[in-house]
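One structure is given below, encoded as structure tokens.
Only the coordinates and a few stated rules stand behind these numbers; no lab work does. As the structure is a prediction and not an experimental result, all values here were calculated from the model. Glycine also receives a Cβ, built like all others from the backbone with ideal geometry; neighbour counts cover every protein chain displayed.
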Amino acid sequence: MIQPCPPVRVLIALLALLPTLGWGATASIREMAQQGDRVTVRYDLAAAGPMTVRLVGSSDGGHTFAMRLRSVSGDVGTGVAPGPGKVIHWDTRGDYPEGIEHLDVVLDLVVEARAPDAPTYVVIPLHGKVGKEIRASVLGRCLAAALAQRPSAVVLEVDSPGGFLSELYQLLNLSLTWQREHPEQRVVVLVREQAMSAAAVLSTSVPEIYLLPGSAIGAAMAIHIDRNKVTAVQEKFSSAYRGKARAAAEAGGHDPLLVEAMIDPDLEVSASDGADGAVQLVKGAPPEGGRRLIGEGKLLTLTADEAVAVGLAAGVVNDYAELGGRLGHPEWREGSDAARQIVAAWKEEIQGVETDYHYLVETIKDGLSRLRQSSGTDYSAIEGNLWEVRDAVDELEQIAEDYPFMGPAVHNTFDIGTGEIKQQFDKAIGELKRYRVQRSRARRN
């Protein structure tokens, strides 16, 4: 089923810039209907002059807007005059011959002002842990906001120690799909301090990688952490991970041996200079005239200069001005900060979740203490606390489900599991009810 985005929410990535440039542009979807393979969108456009209007689509319920929508007609494209009653038609079979019935489609409008005279770039900060601060859903919204501005380059600014494999797989799927759907949009990675583990693999899915001086990339071995105990993951999962990582590197145009050496400590990789000056990598001992890049028992981690030397990175830059020069835009400037705002809003949400987590944990710990101090079957003195704690456990489990990065904290906080905690309080509540029934019967007799 196709859904419109929530009312009033329209993707206008340049909205913050419009007032200062004399443009006041708003677009609102009035109606969205589907009849067979034809989708009709009716909207009103309020603007000071002609605008560029694009229809964008999400196939995952609005998390990422990476659908290809080329079979559109009507009041769409460049030079759309402002006014009410605008209409866009989309031939779904033209873009998706297999149909869209199996997709969770959300459509939205993107309104663009005229392109700025000077080249621009949009920064998407990927700072923190993969699966926590760095989420596929957040990156998808950032990419949609960036695309609305049509910048000279979208810069994925990476500074991450790594994180969850499950989230990495979603990020890789998003990155590769989005780049495939938008080949006209240049995307580069800029490593600020570190791109380790999952962040290193994600970076290799992008063709152009740049690093700041002193930064590093690598060390991507998959590990499992349970109550602060670190172990390697089972081989069947590690093998699947290596395969996905190699595929991502190949799609990004990088030698998959590099990312495999970051993952597998049993792999020895050597390098030699080819006739054309390019670095050639091989498994095993160095060929004649070659050199060992990484030996067995170690994971590959590259400094900024080393990443350039082996062909993984395109260069080392000191700042965005120098990056622009390397990309052919010496006079570029940062455009809309919409992506930065999206990331900032997500980090605020994380802080709120963590605050709720700490409050619930303290509530449960206090309740457990009171429960242990109670005796017999009369829990009347702590009745309110029983229900409060029982609800708090449910809320805590909901946090772990809605925010997977909180799962380890939730499951490792107590010596017993949340399921056993619920059983203890359900038992106490049941005993309290039976006690009151018995007292009531005794009074009647």
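The table below gives the values:
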{"quantity": "Computed magnitude of the charge dipole of region 18-166 (debye, nearest 20; Cβ of K, R +1, Cβ of D, E -1)", "calculated": "160"}
{"quantity": "Per-residue HN-Hα couplings for region 293-307 [Karplus 6.51, -1.76, 1.60; θ = phi - 60°; Hz; x = Gly/Pro]", "calculated": "7, 8, x, 5, x, 10, 9, 6, 10, 10, 6, 4, 5, 5, 4"}
{"quantity": "Karplus 3J(HN,Hα) series, Hz, for region 81-91 with 6.51 cos²θ - 1.76 cosθ + 1.60 (x for Gly, Pro)", "calculated": "6, x, x, x, x, 6, 9, 10, 10, 10, 8"}
{"quantity": "Normalised contact order of the chain, rounded percent, pairs of Cα under 8 Å and 6 or more residues apart", "calculated": "12"}
{"quantity": "Formal net charge of residues neighbouring residue 140 (Cβ-Cβ distance under 13 Å; K, R +1; D, E -1)", "calculated": "-2"}
{"quantity": "Entries of 129/283; 365/427; 132/283; 129/244; 298/347 with Cα pairs more than 29 Å apart", "calculated": "129/283; 132/283; 298/347"}
{"quantity": "Computed over region 115-336: relative contact order in percent, which uses C-alpha pairs under 8 Å that are six or more apart", "calculated": "20"}
{"quantity": "Electrostatic dipole magnitude of the chain [Cβ: Lys, Arg +1; Asp, Glu -1; Cα centre; debye, to 20]", "calculated": "1480"}
{"quantity": "Rounded to 5, percent antiparallel among DSSP beta bridges of the chain", "calculated": "55"}
{"quantity": "Under the Karplus curve 6.51 cos²θ - 1.76 cosθ + 1.60, θ = phi - 60°, whole-Hz ³J(HN,Hα) for region 133-141, x wherever Gly or Pro sits", "calculated": "5, 9, 10, 4, 4, 5, 4, x, 5"}
{"quantity": "Given charges at Cβ of Lys, Arg, Asp, Glu: the chain dipole, positive-most of 200, 367, 94", "calculated": "367"}
{"quantity": "Placed amide H near residue 313: partners under 5 Å, 5+ positions off or other chain", "calculated": "308"}
{"quantity": "Dipole axis of the chain (+1 Lys, Arg; -1 Asp, Glu on Cβ), positive-most option in 379, 316, 43", "calculated": "379"}
{"quantity": "Cα convex hull of region 127-190, projected area averaged across orientations, nm²", "calculated": "4.0"}
{"quantity": "About the Cα centre, charge dipole magnitude for region 115-336 (Lys/Arg +1, Asp/Glu -1 at Cβ), debye", "calculated": "760"}
{"quantity": "Sites excluded, GluC sites (Glu not before Pro) in DSSP loops with at most 15 other C-beta within 10 Å, longest stretch of the chain", "calculated": "332-445"}
{"quantity": "Trypsin sites (Lys or Arg not before Pro) restricted to region 63-102 and DSSP loop, no more than 15 other C-beta within 10 Å", "calculated": "68, 70"}
{"quantity": "Calculated log₁₀ intensity ratio I(q)/I(0) where the Debye formula runs over C-alpha points of the chain, q = 0.06 Å⁻¹", "calculated": "-0.37"}
{"quantity": "Relative contact order for region 342-444, counting Cα pairs under 8 Å that sit 6 or more residues apart, in percent", "calculated": "31"}
{"quantity": "Proximal charge balance of residue 261 [Cβ under 13 Å; K/R count +1, D/E count -1]", "calculated": "-2"}
{"quantity": "Taking only Cα atoms of region 21-141, radius of gyration then Dmax in Å", "calculated": "16.4, 45"}
{"quantity": "Qualifying aspartates and glutamates (Cα of each under 18 Å from Cα of residue 422; at least 8 residues distant if same chain)", "calculated": "362, 366, 383, 388, 391, 394, 395, 397, 401, 431"}
{"quantity": "Cα gyration tensor, region 70-203 - rounded (a/c under 1.5), prolate or oblate", "calculated": "oblate"}
